[in-house]
Amino acid sequence: MQCSTPGPRKAPKVRFRLIPALVLVAAIAAIVGGWEMFRRTEGGRIEATRQVQASRSEIRLAMDVTYSSGPIASEAYRMSDIDGTSNAQYTVTGRRGTAYRVVAPARRTKDPASDVAVLFGEAQQDGIWDLPDAPPRGDTSIRYTLSVAQVVGGQHGKYSFTFSDPHYWATTAGQQYHITLDKHKPVPDLVQLKSSSIAEPRYARLVDDFRTFGSPAFRSAIAAQREKLRLQH
């Protein structure tokens, strides 16, 4: 009788479904990647908004004119640009205390004549940050005080100075001589001495920047209020 010995059993075949598994992994990766992209984009937008809020832009310009005689006692020009919106007003006060005000509507304007940012650029070119106080010269019955202030991105600065008779400083301010005395050298010949002009036309240009600012309607209203005070004197 022959007995046959059974051979080793074969392990059952296990079929892995690889394609569905890979699709699941890819889907999870896409979700994670999309969330990360959204987080970065949204975070960048919030940060940009914060920076814009922190970088508030503010420009202020002022000119005050005082008169020691005549029907007008003082004039005050006030111009500002707050985050791109221009504002302008003018106040004239009479010798008896009567005051008239002209206010231009606040607006974002593309008209250079009414854009305070344009006025600021012109004033910078004409030295509003640089000119010093000037001693009383020429017609000293009228005094001008100019002021400028700026805030950009948390940084700020301001400056003001006073002078009289801008026409005098522009045309007839005179000559300045530099003399260096040395005991070992003879006194310099004053006839031959070289001089430099101390005329400064930028005072007049700055006054003109303020006087000519604004729309024709704004400037006409200013002229009308000045004339009203003259007639009351």
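Six or more apart or on different chains, Cβ atoms under 8 Å: show the pairs whose first residue is in region 93-114 and under 17 Å from residue 74 (Cα atoms) and whose second is basic (Lys, Arg).
That search, which allows pairs on different chains as well, returns 100/228.
Quick check on my filter: what residues within region 217-233 are more than 16 Å from residue 101 (Cα to Cα) and modelled with pLDDT of 95 or more?
Result: no residue meets the conditions.
Kindly list the number of the only condition in (1) assigned to a strand (DSSP E or B); (2) touching a Ser or Thr at 6+ places or on another chain (Cβ under 7 Å); (3) within 18 Å of residue 57 (Cβ to Cβ) that fails for residue 76.
Against the list (1) assigned to a strand (DSSP E or B); (2) touching a Ser or Thr at 6+ places or on another chain (Cβ under 7 Å); (3) within 18 Å of residue 57 (Cβ to Cβ), residue 76 comes up short only on (3).
The values are calculated or read from the model by the stated rules, or taken from the named source; none is laboratory data. This one's a predicted model, so the numbers in the text were calculated from it and none came from an experiment. No Cβ is skipped: glycine too gets one built from the backbone with ideal geometry, and neighbour counts run over all protein chains shown.
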